[in-house]
């Protein structure tokens, strides 16, 4: 029951979704948006256009600000699409995460089609939990081994992207927790 004891309309009776009463405020918000679109035909709901790159980076909350700062310092803010997935490149090549691969490839193909990107930027990071899950604790225990693990992963990603999307430039790097980055390839 809601507001003075009136029963909510059911979806079967033509009411709002999930049995909720139609919300007048939401209706006017949507109507206003539709009116704005009608008044501004240049506005588009599709995110098409020419953009510079697609970024793939990790879900680790410690890396959100450093990765954004890196892209901003390169003058790429607003010029890239982004896929954030556990392990970044590791999610694309590690056997442990094989079921995730289609998400990456579908996103890459979509951004190539919609955004006409010129390059893929893949940023892995140090102390990555996904690397440990995929390759074991020893893969990140020692900085040299950790670097070599990521170097191999990023090389495999470059190879596969080159095969599937030969026109794309590919940049790969390993970011430290302080935001410094070591580029590979």
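Laboratory data are not the source of any read-out in this text; all were calculated from the coordinates shown. Predicted, not measured: the structure shown is a model, and the values here were computed from it. Ideal geometry is used to build each Cβ from the backbone, glycine not excepted, and the neighbour counts take in all protein chains shown.
Listed values, structure above:
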item	result
Ranked packing of 131-137, 105-111, 176-182, most packed first, by mean Cβ within 10 Å	131-137, 105-111, 176-182
Inter-centroid distance (Cα atoms) of region 148-166 relative to region 62-108, Å	14
Segment residue 116-residue 148, extension gain: residue separation times 0.36 nm, minus the distance between their alpha carbons	8.3 nm
Taking the convex hull of Cα positions in region 53-184, its mean projected area over all directions (nm²)	7.2
Theoretical gain in end-to-end length, residue 162 to residue 141 [0.36 nm per residue, Cα-Cα removed]	4.5 nm
Extension reserve of the residue 127-residue 169 stretch, reckoned as 0.36 nm per residue once the Cα distance is removed	12.4 nm
